[in-house]
Amino acid sequence: MEIEEIVKLVDETVTPQIRAGEHHAFNEIWLIVVDDRIFCRQYSFSERSWYTAFLKDPTGAIKCGDAVITVEGRIPQDLDAINPKINAAYIEKYDQRLNHYPDIAHKMTGQRYMEKTMELIPR
């Protein structure tokens, strides 16, 4: 699958799933697209989460419907610069376009959540 197809699929899927590592279960998560890049943020701040698992081993996958895409999870090097665009993308997708828990979409733009932003790079 080409990157353009992956980005479109992620953008159109309301609640994709994520798996950190090879053996964990898939969990629902909100994924957003900015500048043809895929991002997500940690919602619960558990030490045993997909976020902390990616920090230890960046290998994982996302699932959109029947499609499973291998990804590498990384903290974006341009996090401070890209965060405003990620905030806008959360609001646009989950509040304005889908009206899917808009209160949570706005909550996800808070400082604590911005600090737990992960980029998922298709491999």
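Read-outs: derived from the displayed coordinates by stated rules, not from any lab. Since this is a predicted model, take the numbers as computed values, not measurements. Methodologically, a virtual Cβ is constructed for each residue, glycine included, from the backbone with ideal geometry; neighbour enumeration extends over all protein chains shown.
Here is how the numbers come out for the structure above:
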item	result
Phi to ³J(HN,Hα) by Karplus 6.51 cos²θ - 1.76 cosθ + 1.60 over the stretch 111-118, Hz, x for Gly, Pro	4, 4, 6, 4, 5, 10, 8, 10
Estimated [θ] at 222 nm from DSSP helical runs (n ≥ 4, -39500 (n - 2.57)) normalised by residues in the chain, nearest 500	-8500 deg cm²/dmol
For the chain, size of Cβ-based charge dipole, Lys and Arg +1, Asp and Glu -1, in debye	400 debye
Integer Hz, Karplus 6.51/-1.76/1.60 couplings in order for the stretch 61-71, x for Gly and Pro	7, 10, 10, 10, x, 8, 7, 10, 10, 6, 9
Correct option for mean projected area of the Cα convex hull in nm² [calculated from the coordinates] among (i) 8.6; (ii) 6.9; (iii) 9.6	(ii)
Distance between modelled label sites at Gln111 and Glu12, nm, 7 Å Cα→Cβ extension	4.0 nm
